[in-house]
Structures are given as structure tokens and as C-alpha cells.
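Student: Following this message is one structure expressed as C-alpha cells.
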Amino acid sequence: GNGALSDLLGSGWSGQESWGLWGVGPSHTIKLYFADQPSADLIAWFRTAAALGGARDTQEIGVFAGGTRIANWHFTKDANHAERSVTIPAGLVIDGPDGPIVELEFRPESVMRANEVDPDSTDDRALGLAMMGMRVSQSQG
């Protein structure tokens, strides 16, 4: 559930909301911790959406692991809310002070303030990627 997600959040996230949470600003990070160094690549699934509205009907979000681009997600008004997956190469998982870790980073091509879309809104957060949940598994192979 979302309880576990909050433990993994790095920088660039706004507060928890009933449905999930917004990434804000140019970079949102999540730290994934592992009991043991993965022996195979990992697959992570994220339930996501992008801030679209007003004049903006598409968004590109780069997905990075340990600073290496591993995916580029494309969002449109017709294909926004969805579960998207990325493959995380096992070699990008590093030894951290508390065991194996990889930092994932989501970099929106641009961010949009909520009150740019809805002039009546008092929300001036620079919204990027919305995160509703995630899961990770080791790829079979």
C-alpha cells in the first residue's frame, strides 16, 4: 500500500494525498532498498500520471537509476493514468550504508503549476509526476 511508498521517498515530493502524491519541481527521487544484492535485473511497476491540462496535453518524464537513463515515459491526455514499468539493471544497485540500494529519479521535461491550468486554484505547486503506488520484482531469466 501507500504506507510503504512513503518510506522510500527521497526529494521532490509533495505531501501525501488520499489518492497518492505529486512530484514537484524538476526531479523526484525514490530509494529502493534490498536485503541482498540482486542477481538479476529488477522490474519496477509504477501507477502514475502526469500533470496535464490547459495548453499542455503531453508530457515526457525521464526515468533514471543511479544517474543512468533507463526509460522515457510519454504521457498524453488519452494515455495518462496507467501502470508503467521500467527495468533496473542489477549492476546499478550499489552497496549503501544500510545494504544494497538504488536511487530512482523521475525528471519531468517541464512542470506546471496547478493555478496555471485553473486560475481559481490557489495551488502553486510545480507539478510533475503523480505517483499512486509501486511494486518491484526480480525479472525471471
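The values are calculated or read from the model by the stated rules, or taken from the named source; none is laboratory data. Bear in mind the structure is a predicted one, so any value in this text is a computation, not a measurement. Glycine also receives a Cβ, built like all others from the backbone with ideal geometry; neighbour counts cover every protein chain displayed. Each accessible area value is taken on the protein alone, full model and side chains, heavy atoms only, with ligands, DNA and RNA left out. Shrake-Rupley method; radii C 1.70, N 1.55, O 1.52, S 1.80 Å.
Student: Given H placed on each backbone N at 1.01 Å, which residues far from Ala126 in sequence or on other chains put an amide H within less than 5 Å of it?
Tutor: Gly25
Student: Of the candidates Ala130, Ala55, Ala79, which one comes out as most mobile in a Gaussian network treatment of the chain with C-alpha springs shorter than 10 Å?
Tutor: Ala55
Student: For Ile101 and Glu17 in the same chain, what is the full-extension length gain: residue separation times 0.36 nm, less their Cα-Cα distance, in nm?
Tutor: Full extension of this stretch gives 27.6 nm more.
Student: Right, here's the next one. Leaving ligands, DNA and RNA out of it, report the carbon-plus-sulfur percent of the accessible area of the chain at a 1.4 Å probe.
Tutor: 48 percent
Student: If each of Trp45 and Ser121 carries a label point 7 Å out from its Cα toward its Cβ, how far apart are those two points in nm?
Tutor: 2.8 nm
Student: What does the helix-only formula give at 222 nm for the chain: each DSSP H stretch with n ≥ 4 adding -39500 (n - 2.57), the total divided by the residues, and the result rounded to the nearest 500 deg cm²/dmol?
Tutor: -1500 deg cm²/dmol
Student: Would you mind getting the accessible area per residue of segment 1-133, heavy atoms of the protein chains only, 1.4 Å probe, in Å²?
Tutor: 49 Å²
Student: Counting just the Cα atoms, what span does segment 34-141 cover along each of its three principal axes? Round to the nearest Å and put the largest first.
Tutor: For segment 34-141, the Cα extents along the three principal axes come out at 50, 29, 21 Å.
Student: Scan segment 8-92 for GluC sites (Glu not before Pro) in coil per DSSP, keeping those whose Cβ has at most 13 other Cβ atoms within 10 Å, and list them by number.
Tutor: none
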